[in-house]
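> Mind having a look at this structure? Questions to follow.
The values are calculated or read from the model by the stated rules, or taken from the named source; none is laboratory data. Small disclaimer: the values here were computed from a predicted structure and weren't measured. Cβ sites come from the backbone with ideal geometry, for glycine too, and all protein chains shown count toward neighbours. Just so you know, the surface numbers come from the protein's heavy atoms only, side chains and all, with ligands and any DNA or RNA stripped out. Shrake-Rupley method; radii C 1.70, N 1.55, O 1.52, S 1.80 Å.
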Amino acid sequence: IYDEQTSGGSGKLVWEQGRNTMVFGLDYKYGDVDQTIRSGPYYQSIGAPEIDRTTSDVQSWAAYLNDTFSVNGWSFTPGIRYDYNNIDGSFVSPSLGITYHLNETSVLRFAAARGFTTPPLTMTSGGALLLDPNPDLESEAVWSYQVGMESSSIPYAWIKGAAFYHDLENALY
C-alpha cells in the first residue's frame, strides 16, 4: 500500500532585449511516501515480516540561468542549473546549444548538456519486500550530445534528422 504526496512550485523571470533573451528560474518540490508491505505465508516462511512500514521523504530545489543571443545567423544558448535534494546532495548541470540558420527554411543544431536522475526513494530510504534500501546510492549522471539539421524547404514537409551520444555514469540497474 503506497500513499504518496508531492507538492511544489516553480517560477521564472524572462528578460528580452533585441536579439538577447535571458531566463532565470527556481523550482521547489517536496514529496513523501508512506508504504505498508503485507507479506503472505510464503514470504513469512522465508523471513519476511507480516507487516513492514516505512516512511521516506525528499525535498529538492533548483536554480537555473540560460541566455540566448543571436549574431549573423548563429544563436548561442549557454546555461547552468544547480539542483539540491536532501537524499544525495547537489548536482551542477551546464549546457550549451548552438544553431546556425542556413537560410529561412533550414537550420543546423548542436547541443551538449549534463543531466542526472536521482534514485527512487524506495532504493535509498524506503525499501520493499526483499529490497534493502541503500542510502549511499548516487544519482545517475549523463553527458548528452546532439547534432542535427531540419528543413521545411519542401512544401508540406518538415525534414528533421539528428544524431545523439550519451555517456552515462553511476547507472542504476
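> Could you report region 1-110's accessible area per residue, 1.4 Å probe, as an integer in Å²?
67 Å²
> Roughly to the nearest percent, how much of the accessible area of region 1-160 is carbon and sulfur, given a 1.4 Å probe?
Carbon and sulfur atoms account for 57 percent of the accessible area of region 1-160.
> I would also like to ask the following. For the chain, report the translational diffusion coefficient in µm²/s to the nearest whole number, using Stokes-Einstein at 25 °C, 0.890 mPa s, and a Kirkwood Rh over Cα pairs.
124 µm²/s
> Report the relative contact order of the chain, percent, no decimals, based on alpha-carbon pairs under 8 angstrom and at least 6 residues apart. Working shown, then result.
Details: 392 pairs, mean separation 24.6, N = 173.
That works out to 14 percent.
> While we're here: Find out how many positive minus negative residues lie around Ala62, taking Lys and Arg as positive, Asp and Glu as negative, among other residues whose Cβ is under 10 Å from that of Ala62.
So the surrounding residues net to 0.
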